[in-house]
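Structure, as structure tokens:
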Amino acid sequence: MIIKPKGTYDLLNDDALLYKYIEGNADRFMQSYNYEFIRTPIFEDSQLFHRSVGETSDIVTKETYDFLDRGNRQITLRPECTAGVVRSVIENKLYGNRNDVLKYYYLGTMYRYERPQMGRFRELTQLGVEVFNSFDPMIDAEVISLGYNLIKELGIEEFYVKLNTLGDKESRENYTKALKEYFAPHLKELCPDCQKRYNTNPLRILDCKVDHDLDIFKNVPKMSSYLSSDSKERFKKLQEYLVMLDIDYEVDESLVRGLDYYDYNVWEYVSENKNIALGGGGRYNSLVSSLDGPSLPAVGFALGVDRLIMELKDILANKKIEKEIDVYIMSVNEEEKRFALTISQDLRLNNVVCEINSADLSLKSQFKVADRLKAHFLVILNSDDLNKGLITVKDNATKEEVKIDEKELIDYLVSNI
Ligand code: AMP
């Protein structure tokens, strides 16, 4: 027997229903915020991720699925989608009109060679948004609140936004210098990864899960002391907007996020139940130009759909997710089957969810299946009635039965479900 690769899972049963539920809500939500759907390839030129997510990030150094294709091209399965969307915006010159704010959303699988554990997979699904051409804190507030409201809309209540700012380039350079000075005498106390980060990206030491509880972290310099007045002002404005929008947020100066391209505001949606991130995002004003595009400010986030599914399953606990159909059409002989097939098509084209007996079941078994499918109505076909142009319809909850004219069947069912 062949089994699935480590770190992957089949989307089945309740999980599959929840996935479609999340997707449906997301599509509706994105429309009302005026975001357009975008799909980019699952594999890209490896250079794209080296030059965006960053040579020093955990993702690029340890987690990408890289391979040479049959034409000897160096390919990487996307570990995240921002880089692909940015490439697409540049390659397709989507920024044509300088006054347009470009707003995109995507939903798709990403690939990271991580150690699988609860909520951490090697094939993961992200739902994200990317907005280009606005540096106004108002759009950061829109993006953060979009993710926040969507999670709420799905039915998840116990979460909040963890927020920080990494400031502009100069603020970050000054802060990085201060961090290096601070950690220099303590280098040996840090974990091997952080000892490397000290030289490559000292900011990342701050969100190290291994070193986090060390005493030296108690007096670590704070980013807020190194922010330029412009970065401070933008962060203050964003917070005012979030208060106006009733977004439950908390500033956490140790939040730096794992991808190298972020600047200014960064945030995560953190589940209070499990203390895991349901999603995260930030501003990345220099990414477009660093990938040979124009200077285009940008901001976005990605939600972990696998984690949303897990969270929703916990909330629903052992309650079975109800799956119901509108009509079950019962048939036994060939004449009844033919009739069932044609009226099922008519009903389905009228958006009535219906099922037919396609497994050659006895009438008794069909009643059982209809109950299991929680059919609202049963259409009980019988050759004698059909010859008179009549059809029996039974309300499966009240058990009331009516005989109606064959020609009125569709209207009757459409108006009663
Ligand atoms: P990131 O792209 O690393 O900023 O992650 C955004 C969100 O994707 C996280 O907050 C998680 O909810 C989710 N996520 C990231 N990595 C994984 C993974 N390996 N398995 C499942 N979900 C993940």
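Observations on the model:
- Cα gyration tensor shape of the range 327-416, rounded if a/c is under 1.5, else prolate or oblate by comparing a/b with b/c: rounded
- Residue order, fewest to most beta carbons within 10 Å, for ARG78, ARG283: ARG78, ARG283
- Pairs beyond 18 Å (Cα-Cα), from LYS152/LYS209; LYS162/LYS237; LYS374/LYS399; LYS368/LYS399: LYS152/LYS209
- Taking θ as phi - 60° and the Karplus parameters 6.51, -1.76 and 1.60, the scalar couplings of the range 245-257 work out to 8, 6, 8, 7, 10, 9, 7, 10, 6, 8, 7, 10, 6 Hz in sequence order, x denoting glycine and proline.
- Close amide H pairs (under 5 Å, H built 1.01 Å from N) link LEU390 with GLU406, residues at least 5 positions away or on another chain.
- Estimated from the Cβ-Cβ distance and a Förster radius of 35 angstrom, the FRET efficiency linking GLU170 and HIS212 is about 0.80.
- For the chain, modelled as a GNM whose springs connect Cα atoms under 10 angstrom apart, the maximal fluctuation among LYS232, LYS93, LYS337 occurs at LYS337.
- Reported to the nearest whole Å, the Cα centre-to-centre distance from the range 64-143 to the range 339-390 is 46.
- GNM remark for the chain: springs join alpha carbons under 10 Å apart, and the peak mean-square fluctuation among GLU253, GLU142, GLU170 falls on GLU170.
- Global geometry of the range 301-361, whether rounded, prolate or oblate, following the gyration tensor of its Cα atoms and the 1.5 cut on a/c: prolate
- Helix-only CD estimate at 222 nm, as mean residue ellipticity for the chain, using -39500 (n - 2.57) per DSSP H run (n ≥ 4): -11000 deg cm²/dmol
- Degrees separating the helix 13-32 axis from the principal Cα axis of the chain, which is the longest one: 70
- The range 240-282-the range 173-196 distance, computed between alpha-carbon centres (Å): 24
- Residue with peak Gaussian network fluctuation, the chain [Cα springs, cutoff 10 Å], from GLY96, GLY279, GLY304: GLY96
- About the Cα centre, charge dipole magnitude for the range 327-416 (Lys/Arg +1, Asp/Glu -1 at Cβ), debye: 340
- Label-point gap, in nm, between LYS93 and ILE2 - each point 7 angstrom along Cα→Cβ: 4.5
- Karplus-derived 3J(HN,Hα) values for the range 402-417, using 6.51 cos²θ - 1.76 cosθ + 1.60 with θ = phi - 60°, are 10, 9, 10, 5, 3, 6, 9, 4, 4, 4, 4, 5, 4, 7, 9, 8 Hz; glycine and proline are entered as x.
- Calculated FRET value between ARG70 and ASP292, using beta carbons and R₀ = 30 Å, to 0.05: 0.65
- Toward the positive end of the charge dipole of the range 327-416, with +1 on the Cβ of Lys and Arg and -1 on the Cβ of Asp and Glu, the farthest Cα among VAL369, SER383, SER344 is that of VAL369.
- Farthest towards the positive end of the charge dipole of the chain, among the residues SER46, GLY155, LEU255, is the Cα of SER46, using unit charges on the Cβ of Lys, Arg, Asp and Glu.
- Rounded, prolate or oblate (a/c below 1.5 giving rounded, otherwise prolate when a/b exceeds b/c) for the chain by Cα gyration tensor: prolate
Readers should treat all values here as calculations from the given coordinates under stated rules, not as data from a laboratory. This is a predicted model, so every value here is computed, not measured. Quick reminder, even Gly has a Cβ in these numbers, built from the backbone with ideal geometry, and neighbours come from all protein chains shown.
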